[in-house]
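The values are calculated or read from the model by the stated rules, or taken from the named source; none is laboratory data. In this text, all values refer to a predicted model and were calculated from it rather than measured experimentally. Backbone-built Cβ (ideal geometry, glycine too); neighbour counts: all protein chains shown. Areas reflect the complete protein model, heavy atoms only, side chains present, ligands, DNA and RNA absent. Shrake-Rupley method; radii C 1.70, N 1.55, O 1.52, S 1.80 Å.
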Amino acid sequence: MTVGTEEILTPEALEFLYCLHEQFNGRRKELLAAREARQRRFDAGEKPDFLEETKHIREGDWTVAPIPPDLQDRRVEITGPVDRKMIINALNSGAKAFMADFEDATSPTWSNMIDGQLNLKDAVRRTISFEQASNGKSYSLNDETAVLMVRARGLHLDEKHIRIDGEPIAGGLFDFGLYFFHNAKELLSRGTGPYFYLPKLESHLEARWWNEVFVFAQEKLGIPNGTIRSTVLIETIPAAFEMDEILYELRDHIAGLNCGRWDYIFSFIKRLRTQPDVILPDRGQVTMTSPFMRAYTQLCIQTCHKRNAFAMGGMAAQIPIRNNAQANEEAFRKVAEDKRREVTDGHDGTWVAHPGLVAVAKAEFDAQMETPNQVHRKREDVNVTAADLLEVPTGTITEEGLRTNCSVGVQYIASWLRGNGAAPINHLMEDAATAEISRSQVWQWIRHPEGKLIDGRDINVDLFKKVFTDEMKKLKEVVGEKEFRFGKFNEAADLFVDLTFEDEFEEFLTLQGYEKLS
Ligand SMILES: CC(=O)SCCNC(=O)CCNC(=O)[C@H](O)C(C)(C)COP(=O)(O)OP(=O)(O)OC[C@H]1O[C@@H](n2cnc3c(N)ncnc32)[C@H](O)[C@@H]1OP(=O)(O)O
Ligand SMILES: O=CC(=O)O
Ligand SMILES: [Mg+2]
């Protein structure tokens, strides 16, 4: 048993999880089935669009409940896995908030899940500390720390280690339920609150589900309704058409929306993958200045500010590069440029992946945002249509792009299978969302009639096999035979190939990956 399990899975906490599962798992399964049904409609050629039946909400005059004082200024939020040392580093980083991540940045092994809950429990009580065995360095919290927020797993993921009447509990209910159960009252006594990030929502009905979970959980613990505050990631293409509705459903429990750019690109590919006019160029060519990405971020800002909610920016992939000052400077320049664009557009804050980037992002926001947020900038000048959100980015597919997708995808999956959900690869932050882009591009390029390299060669199974074999050979040379064998690279390569060859597109690589995790 993982050390500390008894402290987290107390009889009372298990009873709480049981109640959440009983109340909400049935509806979760219906919502997942609704995603599948919608996919079939997209496969038949339907385009995502604003919903007719919720027009009154989009056109209505309403705002979300006032946002708590400690969430008013979120100009820089750091994100990271629920690892003990990283939690301390993130809370001490100088960022206004820290999103502790059970989703994209975490491989959901049982020990990661239990340790993560223990670490967060200690962090909330400020008793968290860490000794690094390799260099004897000690870690503890500074007097002033970031506001803690927790991202629970998405609706699609199960937590297979807790089964109720033979069924696994939802990963998201497990993460939310345990963090809330153990910490909500403590957080309130310390003048803050139970704050969450909600990932990968595809509709306002999913937001309604989360709202019902919150209402139920607060009542069960005797905590006032409206205490929980969540920030919903707009990181799927269907959700971009339901931003008002998502805010509306969660209006008593919302703090804002966040533009989760990497999953958004993945979702665009995944949901529209069979449509003849939809094919994306190399991953490196799809940027935040691509018109469809600008349309979505601008609409998010306008929608949030109209409802007095915050519009958070996203994650630039660059991270500090040690031992190469010039490359490091270039990485910082790119992050600064990204953050400058976000604050100029009207975002109220942004994400960074690394403590070394807090100052870079803060400088850009400080320079242009004198107030704690800029919710007063209503951006009434923005006029985004469905066609703008669906504008397919132009560019080219190169052999290099195909090779990078294979290599980076396998390197990330190997890391995830080893229990690390975020990894530095080619000096960029890679996590579950970025890896999904890589493998979904390869899947689509092989099958799409326009799946051709810039030199006219067809991207087919033979080309993929050749490129993939080459890339695995190169990887083996770089990491070494032994590391390749024992570092889960073979398993990762097998999974990448399986996902690529399955005609029925797998919704998330982490679903098959999870079967291989302990
Ligand atoms: C698409 C999305 O969902 S984005 C959000 C999800 N993704 C993430 O949260 C990624 C977060 N970032 C990370 O996990 C890491 O920065 C990585 C994996 C990208 C790079 O990690 P590393 O190569 O180990 O970073 P590096 O060696 O430069 O770290 C230096 C120090 O900073 C710390 N550090 C790095 N990133 C973080 C972080 N996000 N939070 C807290 N501490 C961090 C390290 O623990 C290390 O501390 P130490 O000096 O006390 O030992
Ligand atoms: O969760 C964030 C993203 O970009 O995906
Ligand atoms: Mg994401």
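Can you tell me the length gained on complete extension of the stretch D498 to T394, counting 0.36 nm per residue apart and subtracting the Cα distance?
34.6 nm
Would you give the gap between the C-alpha center of the stretch 152-225 and the C-alpha center of the stretch 431-502, rounded to a whole Å?
36 Å
If you take every DSSP beta bridge fully contained in the stretch 102-199, what fraction is antiparallel? Give it as a percent rounded to 5.
Of those bridges, close to 80 percent are antiparallel.
As a check on your grasp of the helix formula, calculate [θ] at 222 nm for the chain: sum -39500 (n - 2.57) over DSSP H runs of n ≥ 4, divide by the residue count, round to the nearest 500.
Taken over the chain, the calculation gives -15500 deg cm²/dmol.
What order do F332, F484 take when sorted by accessible area (1.4 Å probe), most exposed first?
Working: F332 55, F484 5 Å².
Result, largest first: F332, F484.
With an 8 Å Cα cut-off and a minimum separation of 6 or more residues, compute the relative contact order for the chain in percent.
After rounding, I find 16 percent.
Taking the Cα-to-Cβ direction at D462 and at L188 and moving 7 Å from each Cα, how far apart do the two end points lie in nm?
6.7 nm
For the stretch 227-272, what is the accessible area per residue in Å², given a 1.4 Å probe and the full set of protein chains?
Per-residue accessible area for the stretch 227-272 comes out at 10 Å².
Report, ordered by chain and residue number, the lysines lying within cross-link reach of K334, taken as a straight Cα distance under 29 Å and ignoring same-chain residues fewer than 8 apart.
Result set, ordered by chain and number: K85, K96, K200, K270, K362, K378, K474.
Keeping all protein chains in position, work out how much accessible area I454 exposes to a 1.4 Å probe, and write it in Å² to the nearest 10.
I454 has an accessible surface of roughly 120 Å² with all protein chains in place.
Considering only DSSP beta bridges whose two residues both sit in the chain, what percent are antiparallel, to the nearest 5?
Of those bridges, close to 30 percent are antiparallel.
Leaving out ligands, DNA and RNA, and with a 1.4 Å probe, what % of the accessible surface on the stretch 182-294 is carbon or sulfur?
50 percent
For the stretch 380-518, with all protein chains present and a 1.4 Å probe, just round the carbon and sulfur fraction of the accessible area to a whole percent.
Heavy-atom surface of the stretch 380-518 belonging to carbon and sulfur, 1.4 Å probe: 50 percent.
For a bin width of 10 Å, list the pair-distance distribution of the stretch 1-92 built from all Cα-Cα distances, rounded to whole %.
P(r) for the stretch 1-92, in whole percents per bin: 11, 16, 26, 33, 14, 1.
On alpha carbon coordinates alone, what is the Rg over Rh value for the chain, Rh being the Kirkwood radius?
Over the Cα atoms of the chain, Rg/Rh equals 0.94.
Just the accessible area per residue of the stretch 401-460, please: how many Å² with a 1.4 Å probe?
On the way: 1840 Å² over 60 residues.
That works out to 31 Å² for each residue.
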